Amino acid sequence: MADGTKRTRRSAGLLLFRRTPAGPEVLLGHMGGPFWARKHAGAWSVPKGEYEPDEAPWDAARREFQEELGLPAPDGTPLPLGETVQSSGKRVTVWAVEGDLDPAEMVPGTFTMEWPRGSGRTAEFPELDRVAWFGLDAAREVVVKAQAVFMDRLAEHV
């Protein structure tokens, strides 16, 4: 920034959950791109994205859900799950909403990056290469470490 201060990166996300006879399940997305292609544990995330200071976090969470999954954000009463700080320093705020969707209907948004690095060539990759439903225990094992707290907070409410 021009004044020498570092802007804190902030993301907002929407954690879709559904109730099943075996307990609650959450919808997580596997991060797209070559870095994450062969990773499983720690490579799944709440659908989320960065927002600017003039955008309301809840609006950003709904926008990012639609951008990343290509499906409208579900209607429903948002359950605030609070904030966490990821290892990168990014602050992530998440709301849970009860709903259901078929992962096969996802049409992911994309991003462009140089690949392979240093090659001068660019390639397009999906933001999320797939989404899947997980029970809370399984979700804690695969989600980005700092986001596991959202599974714990959701468990307190459902």
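Accessible area of the chain with a 1.4 Å probe: how many percent of it is carbon plus sulfur? It is 50 percent, rounded to a whole number.
Karplus-based coupling profile of the range 124-133, in residue order and whole Hz: 9, 9, x, 4, 10, 8, 6, 10, 7, 8, with θ = phi - 60° in 6.51 cos²θ - 1.76 cosθ + 1.60 and x standing for Gly or Pro. For the range 1-155, the alpha carbon convex hull comes to 129 Å³ per residue, rounded to a whole number.
Counting only protein heavy atoms and a 1.4 Å probe, the chain has 54 square angstrom of accessible area per residue.
The largest accessible area among 17, 111, 125 belongs to the first residue in 111, 125, 17, and the rest follow in falling order (1.4 Å probe, all chains).
Note on the chain: helix-only mean residue ellipticity at 222 nm, from DSSP H runs of 4+ residues weighted -39500 (n - 2.57) and normalised by residue number, equals -5000 deg cm²/dmol. A Förster radius of 25 Å combined with the Cβ-Cβ distance from residue 85 to residue 110 puts the calculated FRET efficiency at roughly 0.35. Loop-located trypsin sites (Lys or Arg not before Pro) in the range 61-145 (DSSP state other than H, G, I, E, B) with a sparse environment of at most 16 neighbouring Cβ atoms within 10 Å: 90, 117, 121. Here the label points at residue 40 and residue 56, each 7 Å from Cα along the C-beta direction, are separated by 4.1 nm in the simple model. Counting only alpha carbon atoms, the long axis of helix 57-69 and the longest principal axis of the chain meet at about 80°. The mean sequence distance of close C-alpha pairs (under 8 Å, at least 6 residues apart), as a share of the length of the range 72-158, puts its relative contact order at 25 percent. The calculated FRET efficiency for residue 152 paired with residue 117, based on their beta-carbon distance and R0 = 25 Å, is about 0.10. Among beta bridges from DSSP that stay inside the chain, the antiparallel ones total about 75%.
The values are calculated or read from the model by the stated rules, or taken from the named source; none is laboratory data. This structure is a prediction, so every number in the text was calculated from the model and none was measured. A quick note on method: Cβ atoms are made from the backbone with ideal geometry, for glycine too, and the neighbour counts reach across all protein chains shown. The protein model used for the area step is the full one, side chains on, heavy atoms only, and it has no ligands, DNA or RNA in it. Shrake-Rupley method; radii C 1.70, N 1.55, O 1.52, S 1.80 Å.
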